[in-house]
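Throughout, read-outs are computed from the coordinates displayed, never taken from laboratory work. Keep in mind that what you see is a predicted model, and the values were worked out from it rather than measured. When we count neighbours, we look across all protein chains shown, and the Cβ atoms used for this are built from the backbone with ideal geometry, even at glycine.
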Amino acid sequence: MLFKLAIKNLIGAGLRTWLNVFVTALSFFMIIFISGMYDGMRKHARQVTIDTEVAGGSYWHPEFDPLDPFTFEDSHGQPPATIQNAIQKQQAVPVLVSQASIYPHGRIMPVVMKGIEPSQEIVNLPTNTLLEKTDGLIPVLIGSGMADYTKLKLGDTFMIRWLDVHQSYDADEGIVVHIMETENFKVDMGTIWIPIRKAQTMLSMENEATYVTVAKNVPLLNGTHNWIHRDIAYLMRDMEALIEADEPGAQIMYLILLALAGMGIFNSQILSIFRRRKEIGTLMAVGMTRSRVVGLFTMEGGMNAFLALIMTIVLGGPFLIYFAIYGIPMPIDYTEMGLIMAKRLMPVYSIALLVSTTLFIAFVVLILSYLPSRRIAKMKPTDAIRGKIT
Amino acid sequence: MSKPVVEIQNLLKQFPVGGDFFTALKEIDLTLEKGEFTGLVGPSGSGKTTLLNIIGGLDAPTEGTVNVLNSNLGTASHNERAEIRKTKMGFIFQSYNLLPVYTVFENVELPLILNKVDKEERKRLVEKAVESVGLSDKIESRPNMLSGGECQRTAIARAIVHQPVLVLADEPTANLDAENSHHIMKILVQLNQELETSFIFATHDEKIMGYLRRIIHLDDGRIVKDEHISNPENLS
């Protein structure tokens, strides 16, 4: 019965209902859209990191600490046989890391020099460009961020200086064979990539590596001696920490939008009760109990949210689908700021996001509909009939 | 002989005003039998509407006994009073109190929905009630499309559609012109005679008084005169 009356009241109120529904739908849309954007950003950052850096995990030389460049001198060695075996089967790629200095346009600049197998397909880096003939120059692959920072262009040559295993400095000319577009600043900024054989020769570290990255879905290798296995979760921990640090920001945005939607509903309920007090009195006079009148108004608020959901699907759905397919172009390149962010952001609307958002908003709307409606229970029918608020 | 519809003994009604109390009704003793066509008459502030509200269970007495339709309203809960109103009473208000977003049909249908009458029966009863007040041609209209008289006739149809035992009317003709007032009163008299429904009016409208068979005069919260009229002038 309350349901029928609530429907009648909502439909009967005409424009007032649709305005309320529209405002709520707008908030619904914005909450889903922005949550989708955040999820998209996170998913993209995870994907790019796994794709270009982490793959299926790594085995580290026991001395290796990527956050401490002073460990690079000592963190090299021949990988154990089981890892070598995976490298030969092309299930893993060795990387030799060392400190170096480069002199682009005569300026000195410290870099991390990474030797990698050019023919590898385990991490999504265009390392095959390192196979290019360079007439004895060291072929160097850099990212576009590094290129901008060093003002290096394709084909530019520059001096590279390094410290070999015997603690002797040596230097040679390198040439930029490719500038890669990557959204992962960690493989770009401050890093130069060269063929691993060349690096091993330069550093006098034949067949040695600092870490070995394994392909996705390669099972855990046994007999890796003191080489430390770092799984995806470990290698992603910085990224997860960044995302986690960003979580409060996303939640604040979510709460602001929810508060906007909530205020709209709360206001319209308050206004509704103020405007319809005579109607409330009449309903009591014809025999409706106070609790049922409260139920009626709460149900109207709840149905307002339901209609808003339908309106969001009908009006906002095509936009959400469009953005999910074609993405949203970002106005600036965030990789320069040290953020892993696509140039075209693809929002992700997971079922969990849609269901949780819908349920949460529905719950909040019901509470916000109920709270002002409780005021009805305190109304004296005789005052309400006359249109007075008590 | 059937039990009285309304039986009031030693009623006192006070409202808190600031730190004090305002006495709206005192020493009220009253009995109304089934089928009576009664008016509570008196100047503004005499307590007519307060007494009507107490009889309707919309307000509670401060002291005294109020038995309406075999229920002691003084001890009844909110929900019990709502149940009595829903099943056995009808209300007519000065300003009609129609629900603005509902059509005439839907307004009249409301008490039947609350009484859980099935859809077919609701339709039949609503059409019958609307016809009895002469509004069949306006059944799909909304209140803003109706004149004052038509609104009040809709309110009457709503008050009688579930065939209540008692109809309480608070200044039902106050907002109407003379012609509409007489028209409304004739409808109510006819319903009273046909259905044996008891009517209690709170009024100071002279036009109504010519239809009443009993006039209870109130002044300053007391009954000052209880007049039985065997031959009301407008019905003769």
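In what sequence do A:LYS216, A:LYS114 fall when counting other Cβ within 10 Å, fewest first?
The order, fewest Cβ neighbours first, is A:LYS216, A:LYS114.
First measure r as the distance between the Cβ atoms of A:ASP170 and A:ASN85, then evaluate 1/(1 + (r/R0)^6) with R0 = 45 Å and state the FRET efficiency to the nearest 0.05. Intermediate values should be presented prior to the final figure.
Details: r = 32 Å, r/R0 = 0.72.
E between A:ASP170 and A:ASN85, to the nearest 0.05, is 0.90.
Please arrange A:VAL355, A:VAL140 by counting, for each residue, the other beta carbons lying within 10 Å of its beta carbon, fewest first.
Going from sparsest to densest Cβ surroundings: A:VAL355, A:VAL140.
Just to confirm the number: angle between the C-alpha axis of helix B:178-195 and the first principal axis of chain B, 0 to 90 degrees, nearest 10?
Between helix and principal axis, roughly 90 degrees.
Where Lys and Arg each count +1 and Asp and Glu each count -1, what net charge lies around A:ILE243 among other residues with Cβ under 11 Å from its Cβ? Please report the intermediate quantities before stating the final value.
Values: positive: A:ARG42, A:LYS43, A:ARG46, A:ARG237; negative: A:ASP39, A:ASP238, A:GLU240, A:GLU244, A:ASP246, A:GLU247.
With Lys, Arg at +1 and Asp, Glu at -1, the net is -2.
Summing +1 for each Lys or Arg and -1 for each Asp or Glu, what net charge is found among the other residues whose Cβ lies under 9 Å from the Cβ of A:GLN78?
Taking every Cβ under 9 Å from that of A:GLN78, the sum is -2.
Treating the Cα atoms of segment A:1-104 as identical point scatterers in vacuum, please give the log10 of the normalised Debye intensity I(q)/I(0) at q = 0.10, 0.18, 0.21 Å⁻¹, two decimals.
Log10 I(q)/I(0), no solvent term: -0.58, -1.02, -1.12.
Only four residue types carry charge here, +1 at the Cβ of Lys and Arg and -1 at the Cβ of Asp and Glu. Report the dipole size of segment B:21-65 about the Cα centre in Debye, rounded to the nearest 20.
140
Sort B:THR87, B:THR197 so the one with the fewest other Cβ atoms within 10 Å of its own Cβ comes first.
So the residues, fewest neighbours to most, are B:THR87, B:THR197.
What span do the alpha-carbon atoms of the protein assembly as shown cover on each of the three principal axes, reported in whole Å from largest to smallest?
130, 47, 43
Could you tell me the relative contact order of segment B:1-142? Use alpha-carbon pairs under 8 Å, at least six residues apart, and round to a whole percent. Don't skip to the answer; put the middle values down first.
Details: 167 pairs, mean separation 27.8, N = 142.
Reported as a whole number, the value is 20 percent.
Just need log10 I(q)/I(0) for segment B:1-110 at q = 0.22 Å⁻¹, Debye formula, equal scatterers on the alpha-carbon atoms, no solvent, rounded to two decimals.
Taken in order of the listed q values, log10 I(q)/I(0) reads -1.30.
Let me confirm one metric for peptide A:276-285, namely the mean number of other chain beta-carbon atoms within 10 Å of its residues' beta-carbons.
6
Which value at 222 nm does chain A reach when only helices count, each DSSP H run of 4 or more adding -39,500 (n - 2.57), with the total divided by all residues and rounded to the nearest 500 deg cm²/dmol?
Numbers: 12 runs with 186 residues, N = 390.
Helices in chain A give a 222 nm mean residue ellipticity of -15500 deg cm²/dmol.
Go ahead and set up a Gaussian network model of chain B, Cα springs under 10 Å, then flag whichever of B:PRO143, B:PRO16, B:PRO43 fluctuates most.
Highest fluctuation among the options: B:PRO16.
What are the semi-axes of the equivalent ellipsoid for segment A:236-368, taken as the square roots of 5 times the Cα gyration tensor eigenvalues, largest first, in whole Å? Provide the component values of the computation, followed by the final result.
Working: eigenvalues 350, 52, 32 Å².
Gyration-tensor ellipsoid for segment A:236-368: 42, 16, 13 Å.
Considering the dipole of segment A:1-57 built from charges on the beta carbon (Lys and Arg +1, Asp and Glu -1) around the Cα centre, which of A:TYR38, A:GLY12, A:GLY56 is farthest to its positive end?
The residue sitting most towards the positive pole is A:GLY12.
Enumerate the amide H contacts of B:ILE28 below 5 Å, restricted to partners 5 or more residues apart or on another chain; note that Pro and chain-start residues carry no placed amide H.
HN-HN under 5 Å from B:ILE28: B:ASN10, B:LEU11.
Between A:GLU121, A:GLU279, A:GLU53, where does the largest GNM mean-square fluctuation fall for chain A, given springs only between Cα atoms within less than 10 Å?
A:GLU279
Ranking request for peptides A:9-15, B:117-123: highest mean number of other beta-carbon atoms within 10 Å first, then the rest in descending order.
Numbers: A:9-15: 15.4, B:117-123: 12.7.
In descending order of packing, they fall as A:9-15, B:117-123.
For chain B, take N as its residue count and report Rg(C-alpha) divided by 2.2 N^0.38 Å.
That ratio works out to 0.99.
Cα-Cα over 19 Å: which of B:LYS26/B:LYS48; A:LYS4/A:LYS378; A:LYS8/A:LYS278; A:LYS4/B:LYS116? Let's see the in-between values first.
Working: B:LYS26/B:LYS48 12 Å; A:LYS4/A:LYS378 25 Å; A:LYS8/A:LYS278 17 Å; A:LYS4/B:LYS116 12 Å.
With Cα atoms farther than 19 Å apart: A:LYS4/A:LYS378.
When N counts the residues of segment B:76-139, how does its alpha-carbon radius of gyration compare numerically with 2.2 N^0.38 Å, as a ratio?
Numbers: Rg = 12.8 Å, N = 64, 2.2 N^0.38 = 10.7 Å.
Normalised Rg, Cα atoms only: 1.20.
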